[in-house]
Amino acid sequence: SGQLPRPINTRVITVANQKGGVGKTTTAVNLAAGLAVHGLKVLVIDLDPQGNASTALGIDHRAPDIASVYELLLGEVDIRETVKQSPNHENLYCVPATLDLAGAEIELVSLVARENRLRNALNDQAIVDYGFDYVFIDCPPSLGLLTVNAMVAAREVLIPIQCEYYALEGVGQLLRNIELVQAHLNKDLHVSTILLTMYDGRTKLADQVAEEVRRHFGDKVLSTIIPRSVKVSEAPGYAMTIIQYDPGSRGAMSYLDAARELALRANTAEAVTP
Ligand code: ADP
Ligand code: MG
């Protein structure tokens, strides 16, 4: 496994889809791990109160008094305390989520710069000093203030789409929200990447969905498709990503391929952006 190109600037990528169970968290942690094993320094920000990304990265987000993304958004702690190194890989870091984050959607409403909280935290010198190559933000399954914070903090949105019935349901609404954020809060925001997930090659439906998504989104869709595989769903139970849990499995190989594609293609995108 050779090295992958280092982006000139940190690539901040929001992984969003307001539908639950489409593979947001699995995609965020496995792309992060796939880039980390290729020598890149990667941070995952867990923005879902369930804390599934934290779990997959081996961070015990139920530990008492843990400094989490909640305190980060509210500005209650030293930012450095919220950044935890994953025991799974030395290049992999996580700002964990705790259950109190569920209240943040409401608590944030009354705060100044409520949509810019995460962006401001990421621009803090304490975070900049880590020198992350990639930051992935794992969104909750809603389009509320947490997801808006993620969209304001990022340049890129990655949408995982499950190869299932109603795959595109809700995607129109998501795109409209992205346009609103782009118009009013973050002009650099754009959908850079679509990843097809949980593909079952035995069904005709999966191919039909993949084709339809490619018709809609063209070359934003990665050519790598993530297969449905039980091992992928087992890995978080061992506090690991599939890339540590079973590196030779189809699931791990496909996430490594997707990570490579992501790293290689955006360098061109970056170069053509004025
Ligand atoms: P989301 O974050 O969008 O809610 P998750 O990433 O948590 O979605 O995935 C939903 C469920 O599907 C989880 O139990 C996860 O382990 C499982 N899963 C995700 N990707 C795959 C896959 N490629 N094959 C099998 N199971 C998967
Ligand atoms: Mg999730």
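Details
- Candidates Val37, Val42, Val12: the one that is surrounded by fewer than 23 Cβ atoms within 10 Å (Cβ to Cβ), within 15 Å of Leu92 (Cβ to Cβ) and more than 16 Å from ligand 1 (Cβ to nearest atom) is Val37.
- Within region 156-192, restricting attention to residues that are among the small types (Gly, Ala, Ser), on the phi < 0 side of the Ramachandran plot and surrounded by fewer than 21 Cβ atoms within 10 Å (Cβ to Cβ), the residue that is modelled with the lowest pLDDT is Gly172.
- Asn52 vs. criteria more than 17 Å from Ala258 (Cβ to Cβ) and away from ligand 1 (no atom under 13 Å from the Cβ): no
- Pairs where the first residue, in region 80-95, is under 15 Å from Asp46 (Cβ atoms) and the second is assigned to a strand (DSSP E or B) and hydroxyl-bearing (Ser, Thr, Tyr), C-beta under 9 Å, 6+ apart: Val83/Tyr93; Lys84/Tyr93; Gln85/Tyr93; Ser86/Tyr93
- The listed residues are Thr10, Thr55, and the only one of them that is under 27 Å from Leu189 (Cβ atoms), modelled with pLDDT of 95 or more and of a type outside the set (A, V, I, L, M) turns out to be Thr10.
- Per-region count, region 211-257, residues of a type in the set (Ser, Thr, Tyr) and within 16 Å of ligand 2 (Cβ to nearest atom): 3
- Every condition in (1) under 27 Å from Leu143 (Cβ atoms); (2) in contact (Cβ under 8 Å) with a residue 12 or more places away in the chain; (3) not aliphatic (A, V, I, L, M) holds for Glu76 except the one numbered (2).
- Residue match in region 191-198 (condition: under 28 Å from Ile243 (Cβ atoms) and over 17 Å from the mean Cα position of the chain (by Cα)): no
- Residues that are of a type outside the set (Gly, Ala, Ser) and either at pLDDT below 95 or over 23 Å from Gly170 (Cβ atoms) (or both) within region 23-48 comprise Leu35, Val37, His38, Leu40, Lys41, Val42, Leu43, Val44, listed in sequence order.
- Helices (runs of 4 or more DSSP H) wholly inside region 1-88 containing at least 2 residues that are within 16 Å of ligand 2 (Cβ to nearest atom): 24-36, 52-56
- Of the helices (runs of 4 or more DSSP H) lying entirely inside region 104-210, those carrying at least 2 residues that are closer than 21 Å to Glu71 by Cβ and within 16 Å of ligand 2 (Cβ to nearest atom) are 145-153.
The values are calculated or read from the model by the stated rules, or taken from the named source; none is laboratory data. Computed from a predicted model, the values in this text were never measured in an experiment. Positions of Cβ are generated from backbone atoms using ideal geometry, with glycine treated the same way; all protein chains shown enter the neighbour counts.
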